[in-house]
Structures are given as structure tokens and as C-alpha cells.
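Data block below; observations after.
Computed from the coordinates by the stated procedures, all read-outs in this text should not be read as laboratory data. Keep in mind it's a predicted model, so treat the numbers as computed, not measured. FYI the Cβ positions are ideal-geometry reconstructions off the backbone, even for glycines, and counts take in every protein chain you see.
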Amino acid sequence: MDIVVSWPKKNDLTFINKLYKVFSMQKLVQKEIKRLTKLGASYVDIRVHLKDISETLSSSDGLLEHYQIEKRFGFGVRVLYNGAFGFCSMEDIKHLEQASNLALNQARNSSQFIQTPIELIKKQNHQATYTTPTENHPEKVPLKDKISKLLSLASPLADKKFLHYGNKIGFYDREIYYADSEGSELTKSIVDVEAHLYANALDIDGLLQERTYNLYQNPNTSVGFENLSNNQQINHGERLNKELHELLKAPLCEKEVCDVILLNEMMALQTHETIGHALELDRILGYELSFAGGSHVALSDLGKLKFGSEKLNSFADGTTQCSPGTNGFDDEGVKGKQVQLIKDGILQNTISSRQSVIEANQKMNQNYFIESGGACRAQSYNKLPIDRMNNINVAYGADGSLQDIIKNTKNGIILESPKSWSIGSNRENFHFACEIGFKVIDGEITNTVRNSTYRGDSLPFWNSLDQVGSEETWQLQQVFYCGKGQPNQIMRLGHGVPVCRFSNVEIGY
Ligand SMILES: [Zn+2]
């Protein structure tokens, strides 16, 4: 295993103790995996979260509103016995044997009732370390600096005309050790940073209008406190202020059928709801029916379904750097990879795990899937990993900048920032409301539009994709609160998306 350590300073007992504890823990985990295997387990994985810290700060109307730091640690044991899984998690590693016995017993009991034994597709085993590229680790930044950054980022939104304004920043910091009975042994140090801005006010009709902004990432840089000083990514307060003022007196979105140009935040939502959730293999297999819903996609559609126009290329990409959807390896030890979900408009693959691809192959009566998509993820050590989005990206195209796309548009609307969303439970259709719209006539923006909405059926909508922005329009958007599973798990992930145009879309309904 590649472990990089800097030599401790003289008499640095804390450091030596910490190192000793980590090595003792690893020995304990390896011993426990061997013991469970001897007791009949056909597969075991153990995830230990040595550190799991969430730190969030928010401001309201120029004042610090909320500060919270949550520090957790613990471990989860997953055991496969006679075709059934058992899972148990606890906090103190000294209870590892007790938790393992509970997981094994649960698997033994379940195996008496299981109809189709669970199998896991083969994977490559790795002994490796993954670390999020970070320049200024949030842990090393004094709280007073975090508070002053929070307040300064929101200050351009202070305005007498607004009801409220404010923001939130969040830092997530994890140290994870993973080992399984097949020989994989991984350590991960993961950092995520989120930031949101908002301002709201009453419009000329007394209706509430709001503008918000979410921090995106640049895959070629790093993730840390430095993200909050990057002008390109974070200084959006003045823009939001101006846009909210325009929105308050703007005309309402009229009902019509026209071209729709989605900016990055809307493209991220569109991709998330109608590509991401629709292509989770467990949903396609029917596992989420009683909670998040199913999918209009059938296994028989793979390799054939014309999901979108030929300009649509989409990936489940576990390798996108600097994204909250990238952890190096998923939670069953599969190395992050780039899986092409849709190629030139045709459906190719799904978001999958080692278990779901075997079950899909059995139902399809063929080995369509040759490996896991590397997208089996858990919210934390105390949750069972399930099929989850990592980075569901849309590849950029060759249709130029946003300005180029506007110039090519005769009658359309530019839409940005989700306000509300309603989606068919099988992701077959959708209706989204946006915070702001900009009407485009004959290649130019004519005015801001209030209460803009659009709707569509997922497949005809993606088939109407007729302009895909070039690389300069591509942005890595972050999602911090995607819910799925029973018990519910909230996951962090990414969407790298370009600006796109769709033709003949119903707006204002
Ligand atoms: Zn979601």
C-alpha cells in the first residue's frame, strides 16, 4: 500500500499515537475479515470512517445565523453469506467483532428466505490511496476567517429593496479505510466544499422572487478554502443583485412553444432528474418503486433506445476531478471509471454496482454488463451502499459559446436556476420552474422574464437537443442533497454540463 507520511517532529507523541492507532485498526479489520470468511462468509467488506466532519455556516441579512460542526467516526461491516447480505455499523472499533457477528447472523437469517441468491460481479483489487487535491485545507482555516469570508461573500446582496439575503458555506472532510475479503485495501482523504448565495424580494404583483447561486468547481484546480476566493467561481453577488432587480419588474413568462437554452444550473437539474435517476440500474430493476420511483427505461432498451438527439453524449464519470461525486473508488472497492451512458443519442449503459449488473444480466439472459459501473456508494459508514450517481456528465459539443447559441436562435428563452421541480415517478416527464428567464428574439436578448417554467416528456425533450455548447460553456456543478434509498441516504455528487439548446419546448405552462 502507498502510504505517504511526513516524519513527526521530535516528541510529537500525538502523531505517533495516531499512526499506531491507524495501523492497529487496519490489523484488527484484516483479522476480522479472515474470521468471518472462516465462519462461512463468501464476501466481506469493512469501511472505517476514521474522521467524518461536516462544518456549515450560514448568514442572514448580514449577520452570522448558524454555525454547526458535526464530528463523527464509526465503521460498517457488510457480509455476504449463502447469497444474502447482512450489515451492521457501530461507532467504536473495539466493538468490531460484535458488529461483525450481528451482520453475519443477519445474512444467515435472510439467506433462508432469499429467492435469488445475491452474486457480485468480479472486480480488480487495489491497494491504493486517494486524496482530493487540496491547497488550503478547511481544517487549517481559523473559524474567524471562515465567518468573515461568509459575510463578505453575501455583502453585495445587501439592498433596501430586498426582503432577505444571505448565504451558506459547508466543508466536508473524511478519512476512510476500506478493506474486503478479495484483497482490496484503500485509504481515502476526501474534501468537499459547498457555497450558496440568495436574495429575495416582492415583485410588482406582490409575489416572492428569488435569485440564488451555487458554487461550481473547476476539475483542473483543487477543492478547499481557496474555492471561496476564486473570483470566477464565487463573486456572483453583484450579478444576482442586478438580476433580482430586473426580475421584480419583468413581464411574466408567456405560454408558447419555442427554443429553450438551459444554462448550467438548469442543465444540471435536467441531467440529474431525467438522465441520472432514470438510468440507476437498481431503479430499472424495480428496487426504488416504493420510495424514489422506477424508470421508464427497460433492460431491453440497452444498446437500442434513442434516448436523445445524436448530439447527446453522457457519462457516469467516477474520475471527474474536484467533484463531490469522485472518491477514487466506490464503497465496494471498484476504481472510479468513465462509463458512457449515452453515445450519439443511443442508450448504452447504466449507473450500476457489482450486485445490480449480475441481476440485470440474469434477467436479460446475456452478459450485457461485463463489470460494475463503480457507482455503489453509501452516505456514510452507517449506511449500506447502493447504486448512486457519481458524476453524471453531458459532454460538451461544438456549437460555440452562449453568445453563439443566442445568435443562432430566432425565438427562444434562456433559463437558469431551479425554483421548483416536479418529475414523473418513472422519470418519463417533468415540469420545472426557473428563477429567471431571458427572452431571445432574432439572435438577441430582449428582456428578463418572470415566473418562467417549461415542461416536457423526457425522451422527446432530449431528442430535441439541437445545440450543445463548446468546452468554454462546460461547468462542473455540485449537488449536495440527492435523496434515495430506504432508510433514506443523502448523497453528494457532480454534473459536468455545457449550455444546451432544445427546440420546440412548451414554456409558461
Ligand atoms: Zn437526486
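Computed from backbone phi with θ = phi - 60° and the Karplus coefficients 6.51, -1.76 and 1.60, the 3J(HN,Hα) list for the stretch 473-488 is 8, 7, 9, 8, 7, 10, 10, 10, 9, 8, x, 6, x, 10, x, 4 Hz; x is used for glycine and proline. Summing charges over all other residues whose Cβ lies under 10 Å from the Cβ of G508, with Lys and Arg as +1 and Asp and Glu as -1, gives -1. With a ≥ b ≥ c taken as the square roots of the eigenvalues of the C-alpha gyration tensor of the chain, please select rounded if a/c is under 1.5 and otherwise prolate if a/b is larger than b/c or oblate if it is not? Note, shape of the chain comes out oblate. Other residues lying with their Cβ under 9 Å from the Cβ of G293 contribute a combined charge of +1, Lys and Arg counting +1, Asp and Glu -1.
Give me the number: length gained by fully extending S420 to S148, i.e. 0.36 nm times residue separation minus the C-alpha to C-alpha distance, one decimal in nm.
Numbers: separation 272, 0.36 × 272 = 97.92 nm, distance 3.14 nm.
Stretched fully, the S420-S148 segment lengthens by 94.8 nm.
Taking label points 7 Å from Cα along the Cα-to-Cβ direction, I69 and Y20 give a separation of 2.6 nm.
Once the Cα-Cα distance is subtracted from the 0.36 nm per residue extended length, the E254 to K31 segment shows a gain of 73.6 nm.
Each label was represented as a point 7 Å from its Cα along the Cα-to-Cβ direction; for S110 and T319 these points are 3.3 nm apart. Students often get this wrong: which residues of the stretch 356-385 have the backbone nitrogen under 19 Å from the point 7 angstrom along Cα-to-C-beta of H95? Hits in the stretch 356-385 for H95 at 19 Å: 380-384.
Summing +1 for each Lys or Arg and -1 for each Asp or Glu among the other residues whose beta-carbon sits under 9 angstrom from that of A199 gives -1.
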